[in-house]
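Just below is one structure, and these are the notes that go with it.
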Amino acid sequence: MCGRFVQSQPPDWYARFFSVDSILTEALEPSYNVAPTDPVYAVVQHDSERRLATFRWGLLPFWAKDRSMAARNINARAETVADKAAFRESFAGRRCIIPADGFYEWQVVAKGKLPHYIYGRDGGALALAGLWASWRDPGTQERVRTCTIITGEPNELVAPLHDRMPVVLPQGAWDEWLDPGNDDTDGLMRLMQPYPAPQMVEHPVSTLVNKVANNVPELIDPLTTPAADQLSL
């Protein structure tokens, strides 16, 4: 799964990286510990224009009665995303890219779980495959845009840490993925392959990332104390 990630850059940085035509969001606070239901940047396409906007992480399909299911829908499984009720409509025509400087996975070790930070070797953003939806709060009538990150099989780098990882799209797949008129389900499924391991790097980090309240740049620094000491905190 993908339960925490990093978005620390300003919107214009992500806009340049993803060749966005317009920015439809105010700047969010840099986050080194993005958690479920937090606001996040996402790239979408509308009327042939690529846009950067803000969404709440945790997808709410239009038929959701309230916001309670959002935290359960932070991830969608690539194997079932085209058919599962909560995601199939968004998969058909509301696909997005969620920029991430990197993401965290927790490795099961003898004394607990050790967090690792995984990121692109070239220092650029990772293009996490996502879906989005628009939901209206039945009580306040507020329109809320939400999103989810698709997960699939891990590559050779992530497999020793976790049995799943976010689907990361190579640049050559961005246009095809974002096109809302693309209804080639088989073709879209083929895009959701494990990202090449040689293009990624990882290192263990402090267990401080386990607490959502901790949100500082030091969270992504390589671990300098023994893992056993970290897990005893």
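Just so it is clear, none of the values below were taken in a lab; they were calculated from the coordinates. What you see is a predicted model, and the numbers here were worked out from it, not measured in a lab. Note that we place each Cβ from the backbone using ideal geometry, even for glycine, and neighbour counts take in every protein chain shown.
Computed 3J(HN,Hα) for the range 125-138, one whole-Hz value per residue from the Karplus formula 6.51 cos²θ - 1.76 cosθ + 1.60 where θ = phi - 60°, is 6, 8, 9, 6, 5, x, 10, 9, 8, 10, 10, 9, 5, x, glycine and proline marked x. Considering only chymotrypsin sites (Phe, Trp or Tyr not before Pro) in DSSP loops that have at most 10 other Cβ atoms within 10 Å, the longest stretch of the chain without any of them is 64-233. A simple rule links phi to the HN-Hα coupling: the Karplus curve 6.51 cos²θ - 1.76 cosθ + 1.60 with θ = phi - 60°, which for the range 147-156 gives 8, 9, 9, 7, 10, x, 5, x, 8, 5 Hz, with x for Gly and Pro. Compared with the direct C-alpha span, the chain from Ala85 to Asp137 gains 16.8 nm at full extension, assuming 0.36 nm per residue.
Amide H contacts of Ala76 (H built 1.01 Å from N, in plane; Pro and chain starts excluded): Ile149, Ile150, Thr151 sit under 5 Å, all sequence-distant by 5 or more or on other chains. GNM on the chain, alpha-carbon springs under 10 angstrom: the most fluctuating residue among Gly130, Gly58, Gly112 is Gly112.
From helices alone, the chain scores -3000 deg cm²/dmol at 222 nm; the rule is -39500 (n - 2.57) for each run of n ≥ 4 DSSP H residues, then divide by the residue total. Excluding same-chain neighbours fewer than eight residues apart, the lysines reachable from Lys65 by a Cα-Cα span under 22 Å are Lys84. For a quick check, take a GNM of the chain with Cα springs below 10 Å and name the residue from Pro30, Pro138, Pro196 with the largest mean-square fluctuation. Comparing Pro30, Pro138, Pro196 in the GNM, the peak value goes to Pro138. Under conditions of 4 °C and 1.567 mPa s, the chain yields 72 µm² s⁻¹ as its translational diffusion coefficient, taking Rh as the Kirkwood radius over Cα pairs in the Stokes-Einstein equation. Couplings 3J(HN,Hα) for the range 64-74, derived from phi with the Karplus relation 6.51 cos²θ - 1.76 cosθ + 1.60 (θ = phi - 60°), are 4, 6, 7, 7, 5, 7, 4, 5, 7, 10, 6 Hz, where x marks Gly and Pro. Annotation: amide H-H contacts under 5 Å for Asn33 (H modelled 1.01 Å from N, sequence separation of 5 or more, or interchain): Gln7. Distance from the C-alpha centroid of the range 58-100 to that of the range 2-42: 19 Å, rounded to the whole angstrom.
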